[in-house]
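Below: the structure, in structure tokens.
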Amino acid sequence: MQAQGSTLAKGASRRDRAPAPGEPKAGTIRPIVGIRPPDYVGAMTGPTSSIDATLAELVEEFDLLGDWEGRIEYVIDLGKGLPPLPEEARIEANKVPGCAAQVWLTSARHGDRLTFHADSDSALSKGNVALLLKLYSDRTPAEILAFDARAALDRLGLPSALTRQRANGLNSMVGRIREEAAQAA
């Protein structure tokens, strides 16, 4: 991770330098989504972590990255942590309309909580949906509906780093998650 204001030699990337003490190796990501809810929750932040605590962790991670190139690279890396969605789930009914790429989103209820699974044929869209799953998956419908996604995404600065079409797609993903929560409430 590159601190704000530091520079790299021309042609070098964050992965070309040794990590600072206490900093994870570049390209290392925590698993984001597992198929079973206990794996997903444990890999994320713990079963008692609030949605606001998860957002605070993301804000801290984004702040450490400094520039937008690093932040977009991080989002893409989040997407690489998503397990592939089974072919039988890649159906029209699971597609999220309004996205620049194909994005599929499914949900399952586990007790009073919703778990989401998603995939995309685009690395950036897959990263965007992985970030949303990190915030929304394994939450109650009430938590999902009470969370101000627009303010959260603005706090991360993500919409301003995306093209209008990608930002609209991100909003469509949030809308679909909220629809699922409203139906489950």
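The values are calculated or read from the model by the stated rules, or taken from the named source; none is laboratory data. Please read these numbers as outputs of a predicted model, since none were measured by experiment. No Cβ is skipped: glycine too gets one built from the backbone with ideal geometry, and neighbour counts run over all protein chains shown. In case anyone asks, the SASA skips ligands and DNA or RNA and just uses the protein heavy atoms, side chains included. Shrake-Rupley method; radii C 1.70, N 1.55, O 1.52, S 1.80 Å.
Extending 7 Å from Cα along the Cβ direction at W68 and again at A146 yields two label points whose distance is 3.4 nm. Summary of packing: across the peptides 87-93, 160-166, the per-residue average of other C-beta atoms within 10 Å ranks them, highest first, as 160-166, 87-93. Projecting label points 7 angstrom from Cα along Cα→Cβ for D52 and R109 puts them 2.8 nm apart. Note on L124: accessible area is roughly 30 Å² with a 1.4 Å probe, heavy atoms of protein only. The heavy atoms of E143 present about 60 square angstrom of accessible area, all protein chains included, probe 1.4 Å.
How would segment 70-185 be classified by its alpha-carbon gyration tensor: rounded, prolate or oblate, with rounded meaning a/c under 1.5 and the a/b versus b/c comparison settling the rest? Cα axes put segment 70-185 in the oblate bin.
Using a probe of 1.4 Å, the accessible surface attributed to D52 totals some 90 Å² when neighbouring protein chains are kept in position. Karplus-derived 3J(HN,Hα) values for segment 112-123, using 6.51 cos²θ - 1.76 cosθ + 1.60 with θ = phi - 60°, are 9, 10, 9, 10, 10, 10, 8, 7, 8, 8, 10, 4 Hz; glycine and proline are entered as x.
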